[in-house]
Each structure stands twice: as C-alpha cells, then as structure tokens.
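Structure, as structure tokens:
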Amino acid sequence: MLFAFVGGCLRAGCGQLWGSFWGTILVNLVGSFLLAFLTYHAVLKEQLTGWLNLGIGTGLVGSFTTFGTFSLQSVQLLQHSFLAGVGFLTINLLGGFLMALGGFKLALRLNQE
C-alpha cells in the first residue's frame, strides 16, 4: 500500500509538471523500462525478497504507470484528431514495448557481469 501511494504521488507530480498528455507518455515509457529492468535484474539476481519485489513492481511502478488515463486520452484524441490519437497510441505502445525490451536487455547484461 505504501509503494502504491508513492507511485501514485509520483504519477500525479509528472502530470502536473509535464501536463496530462506528455506526463502520461513519460510515466508509461519510464514505467515500462523500470518494471522490466527491476523484475529481471532483481529477480534473476535474487536481490529483493518476494514482498519487496511485489511492492516495487506492482505497487510503485503499477500505480506510477497509468492504463486508465492512457485509454481515456487515446479515445479523446482519436475523436478530436485521428492522426494525433494514432500518434499517441503508437508512442505509448511501441515506445513502451521498446523501453521494456531495453530494461530486459540491460538487466540481462548486468546479470552476466
């Protein structure tokens, strides 16, 4: 619960600093990277206990990223401007996938050392 509170506060802060549109993109891309990196680096190295990994991954990063806001903004943008909506979806989905892949690859590389 504490991790979720911190993640939610960080998410709200990003939205206030960068606005709803860019804040959503930022937290989704950073969150995708962090979740993949922390999961594979910490789990494979057995550096975190199960409750701490769950707290950081599901609690902190899970509440930091924002699927609901992403979905609503996607619908709103698609209604307003199809091109802007498709761009927003592409940045979040493709960017999130690439960031998660980057986090995974970095974790694997660090685990080999």
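Quick notes on this structure:
- Extreme residue, farthest from GLY31 (Cα to Cα), among residues of the stretch 62-113 that are in contact with a Lys or Arg (Cβ under 7 Å, 6 or more places away or on another chain) and assigned to a helix (DSSP H, G or I): ASN111
- Sole residue being more than 10 Å from the chain's Cα centre (by Cα), part of a helix (DSSP H, G or I), of a type outside the set (A, V, I, L, M) and on the phi > 0 side of the Ramachandran plot, chosen from GLY15, GLY8, GLY19: GLY19
- Near pairs, Cβ below 9 angstrom, 6+ apart or cross-chain, from the stretch 35-58 (free of Cβ contacts under 8 Å to residues at least 40 places away in the same chain) to any residue that is loosely packed, with under 13 Cβ neighbours inside 10 Å: ASN53/GLN47
- For the stretch 13-59, the set of residues classified as closer than 30 Å to ALA84 by Cα, among the aliphatic types (A, V, I, L, M) and loosely packed, with under 15 Cβ neighbours inside 10 Å consists of LEU17 only.
- Among residues of the stretch 81-113, those that are among the aliphatic types (A, V, I, L, M) and over 25 Å from TYR40 (Cα atoms), counted: 4
Quick note: the coordinates plus some simple rules give every number you see, no bench work behind them. Since this is a predicted model, take the numbers as computed values, not measurements. Cβ coordinates were reconstructed from backbone atoms using ideal geometry, including for glycine residues, and neighbour counts include every protein chain displayed.
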